[in-house]
Structures are given as structure tokens and as C-alpha cells.
Amino acid sequence: MPEQKITPCFRIADLQQLKKQSPDQVTIIDVRNPEEYAAKHISGAINIPLGELENRSNELSKQSLIITVCGKGGGRSAAAAEKLKQQGFTKAIFLCGGTFGWYDTIKQ
């Protein structure tokens, strides 16, 4: 049986705490298309669709913690974090549960 690579993701609770305590230390990138972003997104998130990420990565700081987000977390957001890491963004990681998970925790 082939060994699966486990990719760690950033927990929603940790991001909520970080946004409250040190919002300037994190950059949230929503990698969905503009229509999905417009429908619902995490406050403060920047919309850079996955297909545009390589060309727009110069807008980001390599010193900042970058959290990539999509709807459910783990698809496009994981791919985006990996692309950023390949470009030297060592602090890029995707959000567990994505935007939908974020809003589910707010309802509780």
C-alpha cells in the first residue's frame, strides 16, 4: 500500500485567535473565483484566484504567514499553498475546513 503524504493545515480556531490578537501578522488569500468570493468570504481575505496566483504572488510578502482558503479547504487552497511554497513562501499553509468551515464555527 503506498504511503500517503499528510499535509498539515491551519486550524480555524487558531486563525480566529490570530486575527483577533495579531491581524497584521497574517495574510488570508481566497483562491476561489470572484463570484464565489463575492458570495461569501472571510473578512479581510484577498481574492486571488488559483489560476492567477503565480502571476500575482509578487503582491505578497514572503515574511508574512499566508493562509490560503477555498470553499471546503484542501482542494484549491492546498494546491495554492503548495504553489506558493515552490515560489519561496515558506510560511504558506491552507485553512482546514475552508470558508464554509469558518462560517460554520461562527454560527455555533
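Apart from one condition, K62 fits all of (1) crowded, with 17+ Cβ neighbours inside 10 Å; (2) among the charged types (D, E, K, R); (3) at pLDDT below 95; the exception is (1). Taking the criterion of being under 17 Å from I66 (Cβ atoms) and either polar (S, T, N, Q) or modelled with pLDDT under 95 (or both), the residues of segment 27-43 that qualify are T27, S43.
When residues in segment 92-108 are screened for being within 17 Å of G44 (Cβ to Cβ), touching a strand residue (DSSP E or B) at 6+ places or on another chain (Cβ under 8 Å) and not in a strand (DSSP E or B), 4 of them pass.
With E82, E54 as the choices, which residue is at pLDDT below 95 and either in contact with a Leu (Cβ under 7 Å, 6 or more places away or on another chain) or not in a loop (DSSP other than H, G, I, E, B) (or both)? Within the list E82, E54, the selection yields E54. Just one of the listed residues (G88, G74) is under 16 Å from W102 (Cβ atoms), open to solvent by 30 Å² or more (accessible area, probe 1.4 Å) and not in a helix (DSSP H, G or I), namely G74. Just one of the listed residues (A39, A79, A45) is surrounded by fewer than 15 Cβ atoms within 10 Å (Cβ to Cβ) and among the aliphatic types (A, V, I, L, M), namely A39. Scanning segment 24-48 for residues that are assigned to a loop (DSSP other than H, G, I, E, B) and under 14 Å from L84 (Cβ atoms), we see that the one that is nearest to the chain's Cα centre (by Cα) is V31. Taking the criterion of being of a type in the set (S, T, N, Q) and either within 12 Å of the chain's Cα centre (by Cα) or assigned to a strand (DSSP E or B) (or both), the only residue of segment 57-71 that qualifies is T68.
The values are calculated or read from the model by the stated rules, or taken from the named source; none is laboratory data. Everything quoted here is computed from the prediction, not taken from an experiment. Methodologically, a virtual Cβ is constructed for each residue, glycine included, from the backbone with ideal geometry; neighbour enumeration extends over all protein chains shown. Each accessible area value is taken on the protein alone, full model and side chains, heavy atoms only, with ligands, DNA and RNA left out. Shrake-Rupley method; radii C 1.70, N 1.55, O 1.52, S 1.80 Å.
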